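Student: First, the structure itself, so that you have it in front of you.
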Amino acid sequence: MNEEELRTLIRKIIAEESQPVIPIGVSNHHIHLTKEDFAILFPGQEMTIKAPLKQPGEFASNRTVTVVGPKGTIERVRVLGPCRTHSQVELSRTEGRQIGVAVPIRMSGDLAGTPVITVKTPDGQVEIQGAIAAKRHIHMSDKDAENLGVKKGDLVKVEIETEQRKTIYDDVVVRPDPKFVLEMHIDTDEANAANVGKGTVGRLVKE
């Protein structure tokens with residue numbers, strides 16, 4: 001290695017070490033509901049908060065539903081709040097296969113052509129066109145995006161190093177917003193494959 005190559009390597013290492021680490025959040029199956037669908041499933045009830053989520057204003061509610069597919073059901077699927085303009089069920093691909101639903105990998109809200117799935121409670125039932133496996137993505141503030149040198153819609157690589165396993169995720173969608181807190185979301189299939197646990201962080205791979 002000559003002197004110029006050594007300097008390039010040192011600059012690369014310094015740049016990598018100065019990058020913010022990205023907390024990794026594992027997204028278990030859950031559901032978002034419109035006010036109308038919530039009222040059918042939980043007539044006369046309110047969406048009360050069980051626990052706040054990391055992203056400001058979002059929370060896990062005290063309500064759960066059963067998701068029904070041709071080959072089985074998933075019980076106690078948590079309702080996340082607040083209500084949205086479109087109802088949406090988020091499962092892993094493994095869970096979809098288990099209940100006989102081929103969930104496509106999509107960004108939240110991209111529901112055109114997605115499977116119709118039955119959602120029920122003891123008080124009601126709705127048919128929702130909006131069953132997806134969420135595409136991995138990074139929530140971040142505008143300042144985080146500036147620090148990381150990325151912009152909305154960019155596809156990036158993130159390296160995660162856990163005990164006995166190092167994984168690089170490709171095609172991670174950048175989602176900046178002034179109110180967002182820095183966190184990468186992956187589903188349970190992806191987390192299990194990479195041995196991700198509490199406190200796991202990642203870094204952008206610069207090419």
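Student: Here is the link list: K54/K152; K35/K157; K71/K198; K120/K157; K50/K206; K143/K198. Which ones come out longer than 28 Å on Cα distance? Provide the component values of the computation, followed by the final result.
Tutor: Details: K54/K152 20 Å; K35/K157 36 Å; K71/K198 32 Å; K120/K157 38 Å; K50/K206 39 Å; K143/K198 25 Å.
Where the Cα-Cα span goes over 28 Å, the pairs concerned are K35/K157; K71/K198; K120/K157; K50/K206.
Student: Which FRET efficiency value, to the nearest 0.05, do you get for D171 and Q45 by plugging their Cβ-Cβ distance into 1/(1 + (r/R0)^6) with R0 = 30 Å?
Tutor: On the way: r = 39 Å, r/R0 = 1.31.
Computed FRET efficiency for D171 and Q45 comes out at 0.15.
Student: Using a 1.4 Å probe on the protein heavy atoms, what percent of the accessible area of the chain belongs to carbon and sulfur?
Tutor: Values: 5780 of 11520 Å².
Looking at the chain in its full context, I get 50 percent from C and S.
Student: D for region 137-199, whole µm²/s, Stokes-Einstein with Kirkwood Rh over alpha-carbon pairs at 37 °C and 0.692 mPa s: what number?
Tutor: The estimated diffusion coefficient comes to 266 µm²/s.
Student: Less than 14 Å Cβ to Cβ from F59, Lys/Arg counted +1 and Asp/Glu -1: what total charge do the surrounding residues give? Present the calculation step by step, with values, prior to reporting the outcome.
Tutor: Working: positive: K50, K54, R63, R78, R84; negative: E46, E58.
Cβ neighbours under 14 Å give a net charge of +3.
Student: Would you mind checking the radius of gyration and Dmax of region 72-131 based on alpha-carbon positions, in Å?
Tutor: 11.4, 30
Student: Within 15 Å, Cβ to Cβ, of S87, how many net charges do the neighbouring residues add up to if Lys/Arg are +1 and Asp/Glu are -1? Before the final figure, lay out the partial values.
Tutor: Details: positive: K35, R63, R78, R84, R106, K120; negative: E36, D37, E90, D110, E127.
Every neighbour counted, the sum reads +1.
Student: What number, in percent, do you get for the relative contact order of the chain if the mean sequence gap of Cα pairs under 8 Å and at least 6 apart is divided by its residue count? Write down the numbers at each step before the final one.
Tutor: Details: 450 pairs, mean separation 49.5, N = 207.
Dividing the mean separation by the residue count of the chain yields 24 percent.
Student: Can you tell me how region 39-157 classifies by the Cα gyration tensor, rounded, prolate or oblate, using a/c under 1.5 as the rounded cut? Mind showing how you got there, number by number?
Tutor: On the way: a/c = 2.45, a/b = 1.42, b/c = 1.73.
Oblate, since a/c reaches 1.5 and b/c is not below a/b.
Student: Let me ask something else about it. Under the Kirkwood approximation for Rh and a Cα-based Rg, what ratio Rg/Rh is obtained for the chain? Please report the intermediate quantities before stating the final value.
Tutor: Details: Rg = 19.5 Å, Rh = 18.6 Å.
Taking Rg over the Kirkwood Rh, I get 1.05.
Student: What's the angle, to the nearest 10 degrees (0 to 90), between helix 3-18's Cα axis and the longest principal axis of the chain?
Tutor: Taking Cα atoms only, the helix is inclined about 30 degrees.
Student: Springs between alpha-carbon pairs under 10 angstrom, Gaussian network model over the chain: which of R165, R93, R84 fluctuates most?
Tutor: It is R165.
The values are calculated or read from the model by the stated rules, or taken from the named source; none is laboratory data. Values in this document were obtained by computation on a predicted structure and should not be read as measured data. Positions of Cβ are generated from backbone atoms using ideal geometry, with glycine treated the same way; all protein chains shown enter the neighbour counts. Accessible surface is based on the protein model in full, side chains and every heavy atom, while ligands, DNA and RNA are left aside. Shrake-Rupley method; radii C 1.70, N 1.55, O 1.52, S 1.80 Å.
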